[in-house]
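Take a look at the structure below.
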Amino acid sequence: MISISETCSRKRFSRRAVCGAIAGIALTPLSLRAATAEVRIHKDPNCGCCGVWAKHLEAAGFAVRVEETSDLDAVRHRLGVPAELTACHTAEVGGYVVEGHVPAIAIKRMLEQRPDAAGIAVPGMPLGSPGMGGKPQQYSAVLFGPTGRRSFMQFLGTEVIG
């Protein structure tokens, strides 16, 4: 068996360079690592606003994979989204569920803080939220899970207000 130091010397990598690379990855801010997380979006093939929301996430640095389905209820049931929090589309990222037009900044904060929750939701389709046009409305991004629900962030359109 060849050791790491033998491999490094053969490839002209010093042990210091390898350790530095590992340390660099470990010290990368969580916000940057969160932004590179893949978001798996489940959406109805006939919905246009979901595609606009996906572009919002991509612009914020997320990798996005869209899976079209005509049975979103089955996806939501499998992922445990409460009926009163449902919206337009359902996504998965970093072990969490994301329901509706949740702004990328709220998803990043959730991934950084890792709260004890199943996911985050923006119920309904508030005007001005990412993917929705119109005069911006005030709305909450709500954490939900087995321990209940609580407001996580407040928005007016895509602007954080609390």
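The values are calculated or read from the model by the stated rules, or taken from the named source; none is laboratory data. On a predicted model such as this, the values are computed, not experimentally measured, just so you know. Here the Cβ positions follow ideal geometry from the backbone for every residue, glycine too, while neighbour counts run over all protein chains shown.
Given Leu85, Leu30, which one is at pLDDT 95 or above, under 18 Å from the mean Cα position of the chain (by Cα) and of a type outside the set (Gly, Ala, Ser)? Walk me through it before giving the result.
Working: Leu30 fails: at pLDDT 95 or above.
Matching residue, one of Leu85, Leu30: Leu85.
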Task: Unmet requirement for Asn46, which otherwise passes all of (1) out of contact with any Leu (no Cβ under 9 Å at 6 or more places or on another chain); (2) within 19 Å of Gly162 (Cα to Cα) - done: (2)
Task: Lone unmet requirement of (1) crowded, with 18+ Cβ neighbours inside 10 Å; (2) under 17 Å from the mean Cα position of the chain (by Cα); (3) under 18 Å from Glu58 (Cα atoms) for Met132 - done: (2)
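For the range 77-90, which residues satisfy the criterion of being out of contact with any His (no Cβ under 7 Å at 6 or more places or on another chain) and either closer than 15 Å to Val39 by Cα or touching a residue at least 12 places away in the same chain (Cβ under 8 Å) (or both)? Give the derivation first.
In the first step, residues of the range 77-90 are kept if they are out of contact with any His (no Cβ under 7 Å at 6 or more places or on another chain); the result is 77-86.
Matches in the range 77-90: Leu79, Gly80, Val81, Pro82, Glu84, Leu85, Thr86.
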- [ ] Go through the range 73-106 and give me each residue that's in a helix (DSSP H, G or I) and either hydroxyl-bearing (Ser, Thr, Tyr) or buried (at least 19 other Cβ atoms within 10 Å of the Cβ) (or both).
- [x] Arg76, Leu85, Ala104, Ala106
Task: the range 143-156, subset surrounded by fewer than 22 Cβ atoms within 10 Å (Cβ to Cβ) and among the aliphatic types (A, V, I, L, M), residue farthest from His56 (Cα to Cα) - done: Met153
TODO: Tell me which of these Ala54 doesn't satisfy, since it passes every other one: (1) modelled with pLDDT of 95 or more; (2) closer than 17 Å to Ala141 by Cβ; (3) in a helix (DSSP H, G or I).
DONE: (2)
Open item on the list: Go through the range 107-125 and report how many residues are within 20 Å of Lys55 (Cβ to Cβ) and assigned to a loop (DSSP other than H, G, I, E, B).
Closed with: 1
